[in-house]
Structure formats: C-alpha cells, structure tokens
1. For the chain, with only Lys/Arg (+1) and Asp/Glu (-1) charged at the beta-carbon, what is the dipole magnitude about the Cα centre, in debye rounded to 20?
2. If you scale each eigenvalue of the Cα gyration tensor by 5 and take the root, what three semi-axes come out for the chain, rounded to whole angstrom and sorted largest first?
3. Count charges around residue 110 for me, please; just the other residues with Cβ under 9 Å from its Cβ, Lys/Arg as +1, Asp/Glu as -1.
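Each reported figure results from applying straightforward, stated rules to the coordinates on display, with no laboratory input. Here the structure is a predicted model, which means the values were calculated and not measured. Every residue, glycine as well, gets a Cβ built from its backbone with ideal geometry; the counts of neighbours run over all protein chains shown.
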Amino acid sequence: MDRPALLFVCLGNICRSPLAEAAFRHAAARAGLAAIADSAGTGDWHVGEPPDHRAQVEAWRHGIDISGYRARQVVPADFRRFDFVLALDDQNLRDLEALRPAEAPARLSLLLDHVPGLAGQPVSDPYWGEADAFAETWAQVSAAADALVARLQG
Ligand code: 4NP
C-alpha cells in the first residue's frame with residue numbers, strides 16, 4: 001500500500017488518540033515507513049484544544065512533542081480519506097460503526113485487535129486516572145503502533 005493513511009479515534013481526542021497518533025508517527029519514522037496519520041474524537045467537547053497536559057508530558061517522556069496537535073471531531077468523510085480507522089475502545093468502535101457511510105472503503109477495527117494477546121481489549125482511558133495511567137496508555141498504544149508498522153511493512 002502506497003502511503004497508508006491511519007486515523008486513531010477516541011472520545012475526546014485529547015488523551016488516548018493523540019498518544020496513539022504520536023506513537024504511530026514515531027514508530028513509522030523509525031522504520032522508514034511513509035504513512036499519513038491523524039487522530040480525532042467521537043465527541044466535540046474539546047475541539048480545537050491541545051492534548052491534555054498529562055498526555056503532553058507522557059509524550060515528552062518518549063521524546064515526542066504533541067503540543068501542536070489540536071482536537072477535532074471525526075466526520076463521515078474520514079472513512080474515505082483514511083485506509084484504516086482505529087477505535088481506541090468498544091464505545092468508540094460502536095459510534096464509528098454508526099457514523100460510517102455505507103460502502104466507505106476504510107477498514108474499521110479496535111486498535112488493540114492488532115496486538116497479539118490483546119485482541120478485544122480497550123485502551124484504558126487515563127482521563128480520570130492518576131499520572132501513571134498515561135504510562136499504561138502509552139504502553140498499549142506503542143505496542144499497537146509497532147504492530148501496525150510491522151504489518152504495513154510486511
Ligand atoms: P480521550 O479522554 O477520549 O482519551 O481523549 C477523554 C477526554 C475527555 C473526556 C473523557 C475522556 N471528557 O469526559 O471530557
């Protein structure tokens with residue numbers, strides 16, 4: 001696939017999906033994979049906002065600056081712009097199934113379905129959690145990023 005396009009989707013687009021986007025961009029760059037990546041939220045509460053400060057700090061811990069990211073809401077046209085739409089949890093997946101236009105080409109899946117041993121599991125939502133919840137989120141999304149890069153390179 002020439003320059004695959006991936007969209008990572010959570011609820012607010014300020015915690016989990018920006019970290020998933022960042023982890024994927026980082027893994028793709030490290031592997032020399034040319035890809036397009038973006039993230040979005042099913043909800044609109046945080047549209048236009050930068051990622052949650054705690055998510056920014058977690059990304060910084062891995063040498064990645066996500067302060068320039070801005071939240072946006074997913075739209076039906078995303079199912080035509082992107083080859084893969086990755087839902088961070090089951091509710092996100094159900095909301096995306098409802099939003100998806102008939103016959104749109106994007107492949108929709110749960111993000112952790114791409115990680116051996118983690119299929120069917122949600123990425124834990126760190127929004128209401130302690131600071132170490134973001135480290136756990138990072139571990140999950142970076143495992144998924146590595147698996148996606150391996151698959152797209154294969
Ligand atoms: P995210 O986290 O979906 O990972 O960006 C959340 C962000 C905002 C809210 C919940 C989760 N909220 O309730 O506003």
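1. Numbers: 14 positive and 21 negative charges, 99 e Å.
For the chain, the charge dipole is close to 480 debye.
2. Values: eigenvalues 86, 67, 44 Å².
Calculated on Cα positions only, the semi-axes equal 21, 18, 15 Å.
3. On the way: positive: none; negative: 89, 90, 113.
Residues close to residue 110 contribute a combined charge of -3.
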